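Okay, structure first, notes after.
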Amino acid sequence: MNGPFDFTLALADDALIAAQRLAEWTTRAPEMEEDIALANIALDQLGAARLLLSYAGELEGAGRDEDALAYLRDDRQFRNVLLVELPNGDFAVTMAKLFFLAAYQLPLYTALAGCADERLAAIGGKARKESAYHLDHGALWVKRLGDGTEESHRRMQAAVDHVWPYTHELFAADPAAPVDPATLRPAFDEVVGPVLAEATLTRPGSAWAPAGGRAGVHSEHLAYLLAEMQVLHRAHPGAKW
Amino acid sequence: MVSVRSAAQRVAAGTDPRTAVASVVDPEIRVITIDELGILRAVEEDPASGRVTVTITPTYTGCPAMDVIRADIRRALAAAGHPDAEVRTVYSPPWSTDWISEGGRAKLAAAGIAPPAPVPAAGVVSLTLAVRCPRCGSPETEQVSRFGSTACKALWRCRSCSEPFDHLKAL
């Protein structure tokens, strides 16, 4: 990555796409409380995304605000990791995605809170408290499903196996960034290892590590997500209510 | 919208800006003012121009009530005779439930919302904090869902009186 703008935009896109995916569960979650929980977490991600997008727009200095960045870029211009754009799959896949993302975002935002950039520090200090709740929630479900019935264990393990390769992209080294993502890996492993063990789940090997999201090379899933997210704004530019 | 208007109508013309803004209630938890909730940071009036600058901070980053709160602040200031107002939003230091005033906590409890416990010094939020039922006072309660009707609340249930209730979770 090239500078503070790219770094900020990447974190913003992670949060924005994660929010959009989680929002897809609204009215479809397995129980009412979970429906509310996922909507709440989506709202937190959206809140962080808005702050980060606004700041990215200021850093760029080209007059793009949060809406322009969210609604008027094509998939090749998005910098989110592949993990967040993956389809929700079954509930276990969503929980694996949520758990791994939170286990990355919590140390990320915590490190940001102490970084030299005042704006990023303020956003990190705010968002990390919310990430702690997301992590708790994801960990709770991973344990409950992994150490549950034979069927829930089978599905949770399949979900972890499916999502795990995509976690490596989160920690791609970027020494020039305000926080080098590579430095967050130990904190991630420290949280993830014991939870998987308690959930009686096997941590997958690390052979395949798909990447490309940070460079704008995405899976086929992102364009469909953007089409749905952006259609209203593109059909009615500047519309307000 | 009727209740929002009545909130502004309570502010008499000539009220000083700080008092006017401090009377604005939270749109989602209408028993408590934004001052008692601890999201009102500062109210400054420029003596020369009369322009009022209000600084607020959100409870959660994605709190959807912020736009309404900004509008309510402007409305209250206009009703008090201060039409020239700017509302700024800051994020640092981050809001904490420890900033809710004692008066605010009492109002929450009276409205059936269990107020938050003090925020733990560091580390992950404990799952096993006893929350007292705001209706019957029993500590025999259980969490139904960590996420509730608004971003800042969790859903609990009392095992003694069987009533469900909201709990403003420590952040």
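Things worth noting here:
- Positions within the range A:156-171 being closer than 15 Å to A:Glu198 by Cα and open to solvent by 60 Å² or more (accessible area, probe 1.4 Å), in sequence order: none
- Tally of residues being among the small types (Gly, Ala, Ser) and within 12 Å of the chain's Cα centre (by Cα) across the range A:87-114: 3
- B:Ser96 surrounded by fewer than 20 Cβ atoms within 10 Å (Cβ to Cβ), within 13 Å of chain A (Cβ to nearest Cβ) and touching a residue at least 24 places away in the same chain (Cβ under 8 Å): yes
- Failed criterion for B:Cys152 (all others in (1) at pLDDT below 95; (2) crowded, with 19+ Cβ neighbours inside 10 Å; (3) over 20 Å from the mean Cα position of the chain (by Cα) hold): (3)
- Some residue of the range A:66-86 being closer than 18 Å to A:Gly3 by Cβ, within 14 Å of chain B (Cβ to nearest Cβ), more than 17 Å from the chain's Cα centre (by Cα) and of a type outside the set (Phe, Trp, Tyr): no
- Number of positions in the range A:185-223 that are touching a Pro at 6+ places or on another chain (Cβ under 7 Å), outside any loop (DSSP other than H, G, I, E, B) and open to solvent by 70 Å² or more (accessible area, probe 1.4 Å): 0
- Out of A:Gly193, A:Gly213, one residue alone is over 26 Å from A:Arg73 (Cα atoms), at pLDDT 95 or above and of a type outside the set (A, V, I, L, M). It is A:Gly193.
The values are calculated or read from the model by the stated rules, or taken from the named source; none is laboratory data. These numbers come from a predicted model, not from an experiment. Quick reminder, even Gly has a Cβ in these numbers, built from the backbone with ideal geometry, and neighbours come from all protein chains shown. All accessible areas refer to the heavy atoms of the entire protein, side chains included, with ligands and DNA or RNA removed. Shrake-Rupley method; radii C 1.70, N 1.55, O 1.52, S 1.80 Å.
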